[in-house]
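J.: Handing you a structure now.
The values are calculated or read from the model by the stated rules, or taken from the named source; none is laboratory data. Not measured: the values here are computed from a predicted model. Quick reminder, even Gly has a Cβ in these numbers, built from the backbone with ideal geometry, and neighbours come from all protein chains shown. In case anyone asks, the SASA skips ligands and DNA or RNA and just uses the protein heavy atoms, side chains included. Shrake-Rupley method; radii C 1.70, N 1.55, O 1.52, S 1.80 Å.
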Amino acid sequence: MIANRSALALRFLVTTRKQVAILCLAQCMLLSLCALAQEPEILSFDPPGSRQTVPLSINAAGSVTGYYSDGSGIQHGFLRAPDGSFTVIDAPGATATNGWSINNDGWIAGYFVASNMFHGFLRAPDGSFITFDPPGSTETLPQSINSAGMITGYYADANGTFHGFLRDRDGTVISFDPSGSSSTRPSSINSAGEITGYYADSAQLYHGFVRAPDGTFTTFLVQPGQNTQPASINSAGEVTGQYGQLNSPLGFLREPDGTIATFVQNPSIAVVPASINDAGDITGFVVDLRGNSRGFVRSRDGAFATFGRPGVTFILPFSINDSGEITGYYQASVYTTSHGFLLSP
């Protein structure tokens, strides 16, 4: 169960459970190779013993976290250092561990399973763990940690309703929901403590939001009546994500003043942004008219370039750092295992 949640909770999905169906659909796509103007260097990697590698986050130094499954099907978190060495991450008492987000000081936030329950964790650079759950949580899913050590994500209550949470560096955890929300899913927190994500209204339309450090909300729709799902916010307060139909979304960039620009790669049927860095560069993946998917980089000036890897038919970039390094995973085909990659600009 955790493998489905982890692989799919990365923005092409509206709810944790709907992500499963969407990822299965995405994995039926072939990837066509389309190089950047300058051929990028794409390094493949797997932790020792991995049968499935899914990197999720990269920090400024080039350290990567994510999860992998071993030969027995057990899921472990991992830390890949810039020199290529690996550290296995297993939360105390866990039957599965998922490293989700790493900040520039090397602190990792994620979640683990113990007694069939999902719990949040914070792993220090020295390897020590702090585990946590918001009050009333039956399922805790941290999504993002900033440079100050503040963590955001969402949790389920006893009724199965999702709420946003913010864990401060002192361990204080608060719950939040935009007005009118029936389900809240924060996705990213920046260095200033601004949080972005999305929520469902009573009609199950998804709205984007930005939560300021003082707790006030700004909500928005890219287009009236269309779903809006922010994925990432940078230090300047720029937000990227997807909008429109869930099976054929387009990309957007929202400026701090509320101005929104949309973008699409033609010909394509979907553009799914995943991460924006402080330079304003965005990464994610596109799906073309033949159902082929490939990674993309959209620069601040709007230039759009796609990338792939020779012999690869399926690729998903998830995170970009300020140096332009990108991590994610690829599969040679839908029938083969996933491998991590690091793209250097």
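J.: Name the residue, out of Thr161, Thr131, Thr138, that is open to solvent by 60 Å² or more (accessible area, probe 1.4 Å), of a type in the set (Val, Ile, Thr) and modelled with pLDDT of 95 or more.
T.: Thr131
J.: With the condition kept exactly as written, say whether any residue in segment 35-55 is of a type in the set (A, V, I, L, M, F, W, C), within 30 Å of His207 (Cα to Cα) and at pLDDT 95 or above.
T.: yes
J.: Of the residues Pro178, Pro230, which is assigned to a loop (DSSP other than H, G, I, E, B), open to solvent by less than 10 Å² (accessible area, probe 1.4 Å) and not aromatic (Phe, Trp, Tyr)?
T.: Criteria check complete, one pass: Pro178.
J.: Take the residues of segment 233-249 that are farther than 26 Å from Ser147 by Cβ and touching a residue at least 60 places away in the same chain (Cβ under 8 Å): which is surrounded by the fewest Cβ atoms within 10 Å (Cβ to Cβ)?
T.: It comes out as Asn247.
J.: Scan segment 119-131 residue by residue and report those that are out of contact with any Ser or Thr (no Cβ under 7 Å at 6 or more places or on another chain), within 17 Å of Asp168 (Cβ to Cβ) and hydrophobic (A, V, I, L, M, F, W, C).
T.: Leu122, Ala124, Ile130
J.: Moving on. Inside segment 115-128, can you point out the residues that are open to solvent by less than 30 Å² (accessible area, probe 1.4 Å) and either aliphatic (A, V, I, L, M) or at pLDDT below 95 (or both)?
T.: Leu122, Ala124, listed by residue number.
J.: Does segment 182-213 hold any residues that are of a type outside the set (A, V, I, L, M) and assigned to a loop (DSSP other than H, G, I, E, B), and which are they?
T.: Ser182, Asn190, Ser191, Gly193, Glu194, Asp201, Ser202, Gln204, Pro213
J.: Collect the residues in segment 286-310 that are without any contact (Cβ under 8 Å) to a residue 60 or more places away in the chain and either of a type in the set (A, V, I, L, M) or within 15 Å of Pro249 (Cβ to Cβ) (or both), keeping them in residue-number order.
T.: Passing the criteria: Val286, Leu289, Phe296, Arg298, Ala303.
J.: Follow-up. The conditions are (1) buried (at least 16 other Cβ atoms within 10 Å of the Cβ); (2) aliphatic (A, V, I, L, M); (3) in contact (Cβ under 8 Å) with a residue 40 or more places away in the chain, and Val88 fails exactly one of them. Which is it?
T.: Unmet condition: (1).
J.: If you don't mind, another one. I'd like the residue in segment 300-309 that is open to solvent by less than 10 Å² (accessible area, probe 1.4 Å) and of a type outside the set (S, T, N, Q) and, out of all such residues, is nearest to Ile233 (Cα to Cα).
T.: Phe307
J.: In addition: Would you confirm, using the coordinates I've provided, whether Phe252 is touching a Pro at 6+ places or on another chain (Cβ under 6 Å), open to solvent by less than 10 Å² (accessible area, probe 1.4 Å), in a strand (DSSP E or B) and modelled with pLDDT of 95 or more?
T.: no
J.: Going by the conditions given, is Leu316 touching a helix residue (DSSP H, G or I) at 6+ places or on another chain (Cβ under 9 Å) and among the aliphatic types (A, V, I, L, M)?
T.: yes
J.: Among Val286, Val297, which is the only one that is open to solvent by 10 Å² or more (accessible area, probe 1.4 Å) and outside any loop (DSSP other than H, G, I, E, B)?
T.: Being open to solvent by 10 Å² or more (accessible area, probe 1.4 Å) and outside any loop (DSSP other than H, G, I, E, B) holds for just one of Val286, Val297, which is Val297.
J.: Let me ask something additional. Would you mention how many residues in segment 301-345 are farther than 30 Å from Gly73 by Cβ and either of a type in the set (Val, Ile, Thr) or in contact with a His (Cβ under 7 Å, 6 or more places away or on another chain) (or both)?
T.: 2
J.: List pairs: first in segment 138-152 and under 16 Å from Phe318 (Cα atoms), second in a loop (DSSP other than H, G, I, E, B) and among the aromatic types (Phe, Trp, Tyr), Cβ under 7 Å, 6+ apart or cross-chain?
T.: Ile145/Trp107
J.: Let me ask something else about it. Just need a number here: residues in segment 311-335 that are modelled with pLDDT under 90, touching a strand residue (DSSP E or B) at 6+ places or on another chain (Cβ under 9 Å) and not in a strand (DSSP E or B).
T.: 5
J.: As an exercise: evaluate Pro267 against (1) in contact (Cβ under 8 Å) with a residue 40 or more places away in the chain; (2) part of a loop (DSSP other than H, G, I, E, B); (3) open to solvent by 10 Å² or more (accessible area, probe 1.4 Å) and give the number of the one condition it does not meet.
T.: (1)
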